[in-house]
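The values are calculated or read from the model by the stated rules, or taken from the named source; none is laboratory data. On a predicted model such as this, the values are computed, not experimentally measured, just so you know. All Cβ positions, glycine included, derive from the backbone under ideal geometry; neighbour counts span all protein chains shown.
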Amino acid sequence: MNAIEINSLTKSYKDFTLNNITIALPEGMIMGLVGENGAGKTTLIKALLGIHPIDSGSFTVLGCGDPRHNKPIMNDIGVVLDGNGLPSQLTVKEVSRVLSDIYSSWDQAYFDSLCTKLELPQNKKCFELSRGNGMKAQIICALSHHPKLLILDEATSGLDPVVRDEFLDLFLEFTRDEQHSILMSSHIVSDLEKACDLITFLHKGNLLLSEEKDTLKDMYRMVHCPKKTLAEIDSSAVIGIRENAYGAEAVVKKDAIPAGMESFPADLEELFVLMVKGELKK
């Protein structure tokens, strides 16, 4: 079963369109959602949560359409949106008491243990928390009712590298249960490279690709060469290219690289940068 299925989803605003998105997140996997600011990541996430009604297409979350109209499904979804979404005048401990009345599966002992482990003060009001501690609080709340699906929008933003690493370990532990899945957007590509099974690239509202991480890393290579040498490669196999006075660098489908031409592994950040900032080839 897929935790999330999206088919030809379109959402238009006056100056932006999330255009014809089709992707699937299987159970037990983590999908990383990548794209520059304004690519459509948050729009897609809010559409899945029913916050922004879509114009056309369809989607299911844990087998249902708009999750807002299905309370049991909302109990199974943990959400962290960019920014502090907690009641500003409540302390962290008071927030946990409120959530214990909302979620039938709320685990106060687990909440307390995560606060202790991550050194989150429970006696502070939410507006007094630093950005990093505010994100900690939201992530801990999202995990503490034992959801089946986590939807995280820039959830590791504002956290120091040590705390980010602890959360990534928690996310990996979470998906050891084959019924658990995570959709997470992030500008920190190294986090996605460590944690994610699937990578989905959005650019200006369009889907560039959605593939398993290991498939992407095996499918593409980096080529650094003079511009005239790049012309030897089938243009349809060149995914992204950036030229300068000294030559060109390109992300190329591995199978299309001529014998004898030197190439290098492409990490996700190189792939992302060249696909978004270079000349896109279709």
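Remarks
Listed here are the residues, each with its yes/no results for (1) β-branched (Val, Ile, Thr); (2) exposed (fewer than 13 other Cβ atoms within 10 Å of the Cβ); (3) over 24 Å from Leu192 (Cβ atoms); (4) not assigned by TED's automatic domain parsing to the domain that holds Ile188.
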{"site": "Val238", "(1), (2), (3), (4)": "yes, no, no, yes"}
{"site": "Ala259", "(1), (2), (3), (4)": "no, yes, yes, yes"}
{"site": "Asp267", "(1), (2), (3), (4)": "no, no, no, yes"}
{"site": "Phe272", "(1), (2), (3), (4)": "no, no, no, yes"}
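To keep it simple, each residue is scored yes or no on (1) in a strand (DSSP E or B); (2) closer than 30 Å to Lys125 by Cα; (3) not assigned by TED's automatic domain parsing to the domain that holds Leu198.
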{"position": "Lys11", "(1), (2), (3)": "yes, no, no"}
{"position": "Thr22", "(1), (2), (3)": "yes, no, no"}
{"position": "Gly28", "(1), (2), (3)": "no, no, no"}
{"position": "Met31", "(1), (2), (3)": "yes, no, no"}
{"position": "Glu36", "(1), (2), (3)": "no, no, no"}
{"position": "His52", "(1), (2), (3)": "no, yes, no"}
{"position": "Phe59", "(1), (2), (3)": "yes, no, no"}
{"position": "Pro87", "(1), (2), (3)": "no, yes, no"}
{"position": "Val98", "(1), (2), (3)": "no, yes, no"}
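- Per-region count, the range 219-236, residues over 32 Å from the mean Cα position of the chain (by Cα) and surrounded by fewer than 17 Cβ atoms within 10 Å (Cβ to Cβ): 6
- Strands (runs of 3 or more DSSP E) wholly inside the range 131-220 containing at least 2 residues that are assigned by TED's automatic domain parsing to the domain that holds Ala237, at pLDDT 95 or above and in contact with a helix residue (DSSP H, G or I) (Cβ under 8 Å, 6 or more places away or on another chain): none
- Qualifying residues in the range 5-22 (those that are touching a helix residue (DSSP H, G or I) at 6+ places or on another chain (Cβ under 9 Å) and either surrounded by 21 or more Cβ atoms within 10 Å (Cβ to Cβ) or among the hydroxyl-bearing types (Ser, Thr, Tyr) (or both)) - the one nearest to Phe201 (Cα to Cα): Ile21
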